[in-house]
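Scroll down for the structure; my scribbles are underneath it.
None of the figures in this text is laboratory data; all of them are computed from the coordinates on show. Everything numeric here is computed off the predicted structure, so don't read it as measured data. Here the Cβ positions follow ideal geometry from the backbone for every residue, glycine too, while neighbour counts run over all protein chains shown.
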Amino acid sequence: MSKPDKKRKKEVNSTGSVSEIDSELTADQHGSNVVQKPSKHENSVDETVRSNEISEIKKQLKDINSKLSSIVSNVDRSISKMNETVRNIVERDEKRLKDIINELFEKVKQDFVKSLTKQLEVLESRIFDKEVEKR
């Protein structure tokens, strides 16, 4: 332990009141917190440093903005390509679906016509049979 630490320890361990110790510590702290006013030269140097830092930050922001706009442009192109691909797929599928539906309807129509034709033939034969019986 250094010599000031021993003194401080003795002060804390001594029978003195807490307020005495606190007042000594706060007096030491207030003395060390005194800040001298900077000279005009130091102010101009600080302003120059701040100005340089601000210009550097602006430069970095411009670089970031240009990179972001490039990324956004690439993303827009990619989305546009994807939209076109999806549109083509939907159109192809739509045409294919239309063709399938048309084929199905055509088949159903043919089956229905066959069935009707058969029923008509059966009915015609019955009618013919009835006419023959009447004679």
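Would you mind getting me the FRET efficiency between Lys58 and Thr85? Use the beta-carbon distance for r and R0 = 35 Å, nearest 0.05. Present the calculation step by step, with values, prior to reporting the outcome.
Working: r = 41 Å, r/R0 = 1.16.
In this case the efficiency is close to 0.30.
Label positions at Glu106 and Lys130, each projected 7 Å from the Cα along the C-beta direction, are separated by 3.9 nm.
Lysine pair count for the stretch 41-132 (Cα-Cα distance under 18 Å; residues 8 or more apart in sequence or on different chains): 6.
On full extension, the segment bounded by Ser66 and Asp93 gains 5.7 nm, given 0.36 nm per residue less the C-alpha separation.
Between Asp46 and Lys118, the contour length at 0.36 nm per residue exceeds the alpha carbon distance by 15.4 nm.
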